[in-house]
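Trainee: Just dropping this structure here.
No value in this document is a laboratory result; all are computed from the given coordinates. What you are looking at is a predicted structure, and each value in this text was computed from that prediction instead of being measured. A quick note on method: Cβ atoms are made from the backbone with ideal geometry, for glycine too, and the neighbour counts reach across all protein chains shown.
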Amino acid sequence: MPVEERLFSLVLALLATETGLTKNEILSTVQGYRQRYVSHGDNSSLERQFERDKDDIRELGVPLETVESPGDAGNNQLLRYRIPKGAYDLPADVVFSPEEITLLGLAATVWREGSLSAESRRALMKLRSLGVEADDPIVGYAPRLRARESAFDPLNVALERHAIVQFPYLKPGESSSRTRTVAPLALVQHQGRWHLQGIDQDANGSRTFLLSRMVGPVKITARSFEPQGSDFAAKALAELETIWARSVAEIEVTAGTDAATRLGKRYGDAVPTARDGESFRLTVNYSDLNILADQLAGFGPEVVVISPPHLRDAVRDRLLATFRAHDDRSHDDGGRADG
């Protein structure tokens with residue numbers, strides 16, 4: 001385990017309790033130590049590592065305290081270590097704007113999912129079994145944002161187990177879903193949406209799936225696999241970023257409308273200044289044409305697609321479908337077309 005991850009786990013564990021943890025409790029429960037801990041065995045090398053880690057986090061400015069046992073002062077085996085929450089709070093003069101708070105919350109989405117991993121749950125349960133009560137659970141230090149897609153949790157479990165999964169997947173333009181059998185390699189978030197990158201067992205190749213298009217429960221099969229390679233998440237993100245960079249649309253937006261406000265917040269300085277009612281052109285990137293078409297069609301006449309032609313056609317098809325669904329003149333009382 002990287003030293004940074006071990007130090008981070010140690011800080012979270014020490015923040016999670018007011019009374020502190022003994023050295024033995026830390027070595028036997030905290031991620032990064034417990035994997036090498038030997039119950040009733042020789043842990044001298046692990047203890048030396050803990051001593052070095054204590055110095056490291058203190059050098060980083062973390063206020064680590066050592067508390068003696070009230071009934072047995074001087075007994076180093078009963079020393080407790082803690083980080084007082086009040087001493088580690090942000091300074092009173094540090095404040096965040098609503099926009100900054102929103103960005104911090106969004107950035108913490110992946111962090112929270114990691115803090116809810118099986119390893120963290122087991123460590124927390126172990127601490128409680130030792131009688132160590134946490135006033136705030138370790139996971140409480142991550143903003144409470146969860147992945148909306150119900151597929152996330154079972155896919156995360158499958159990743160940990162290296163298990164092959166099956167799920168019904170509905171591709172745009174198709175009327176019914178198809179069961180996909182996939183060896184999952186990574187879950188990544190790109191432009192606010194979760195994607196699964198894995199090996200499609202039927203196509204025998206790497207594919208990326210939007211979790212929002214998984215239209216039924218994810219089944220974890222009894223089949224397992226051994227991933228060939230590394231850095232799957234980084235590669236998946238790089239691939240999505242490449243698609244995003246090369247997929248460019250030009251649209252015309254009416255100033256002073258809901259579309260101008262929403263797209264303005266999304267693209268910031270790229271939005272030109274215009275008077276209400278005037279039109280301005282905007283260049284936008286996208287990684288999924290159908291998702292962008294759904295969004296732009298939702299703005300109605302406030303947005304006109306200039307290019308590319310296939311995006312313009314996709315938006316027009318959605319607008320026509322909406323018109324037909326709400327055009328009373330196209331149906332008589334018996335539900336038949338008037339012609």
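Trainee: Can you run phi through the Karplus equation (6.51, -1.76, 1.60; θ = phi - 60°) for region 171-179 and list ³J(HN,Hα) in whole Hz, with x for Gly and Pro?
Mentor: Values, residue by residue: 7, x, x, 9, 8, 9, 7, 10, 6 Hz.
Trainee: Could you line up His195, His162 from fewest to most neighbouring Cβ atoms inside 10 Å? Working shown, then result.
Mentor: Working: His195 23, His162 14.
Lowest count first: His162, His195.
Trainee: Mind putting a number on the dipole of region 152-230 about its Cα centre? Charges go on the C-beta only, +1 for Lys and Arg and -1 for Asp and Glu, and I need it in Debye to the nearest 20. If you can, show how the numbers build up before the last one.
Mentor: On the way: 9 positive and 6 negative charges, 37 e Å.
In total the dipole reaches around 180 debye.
Trainee: Among Leu211, Pro154, Gln201, whose Cα lies farthest out toward the positive end of the dipole of region 152-230, if unit charges sit on the beta carbon of Lys, Arg (+1) and Asp, Glu (-1)?
Mentor: Leu211
Trainee: What distance in nm separates the simple spin-label points at Asp202 and Val304, each placed 7 Å from Cα in the Cβ direction?
Mentor: Spacing of the two 7 Å Cα→Cβ label points: 4.2 nm.
Trainee: Now a separate question. Taking amide H positions as placed 1.01 Å from N in the peptide plane, with prolines and chain starts having none, which residues 5 or more places from Ser247, or on another chain, fall under 5 Å of its amide H?
Mentor: For Ser247, the qualifying residues are Tyr286.
Trainee: Now for a separate question. For Arg223, list long-range residues whose amide hydrogen, built 1.01 Å from N in the peptide plane, is under 5 Å from its own amide hydrogen.
Mentor: Long-range HN contacts for Arg223: Ile164.
Trainee: Apply 1/(1 + (r/R0)^6) to the Cβ-Cβ distance of Phe323 and Glu5, taking R0 = 41 Å, and write down the FRET efficiency to the nearest 0.05. Let's see the in-between values first.
Mentor: Numbers: r = 54 Å, r/R0 = 1.33.
Approximately 0.15, to the nearest 0.05.
Trainee: Please arrange Val3, Val315 by how many other C-beta atoms lie within 10 Å of their C-beta, fewest to most. All intermediate terms of the calculation are to be shown ahead of the outcome.
Mentor: Numbers: Val3 12, Val315 24.
Sorted ascending by nearby Cβ count, the order is Val3, Val315.
Trainee: Please state the charge dipole magnitude for region 247-328, taken about the Cα centre, from unit charges on C-beta atoms (+1 on K and R, -1 on D and E), reported in debye and rounded to the nearest 20.
Mentor: Dipole magnitude for region 247-328 comes out near 160 debye.
Trainee: What order do you get for 46-54, 60-68 when each peptide is scored by the mean count of other beta carbon atoms within 10 Å, highest first?
Mentor: Numbers: 46-54: 15.3, 60-68: 12.8.
Highest to lowest by the protection proxy: 46-54, 60-68.
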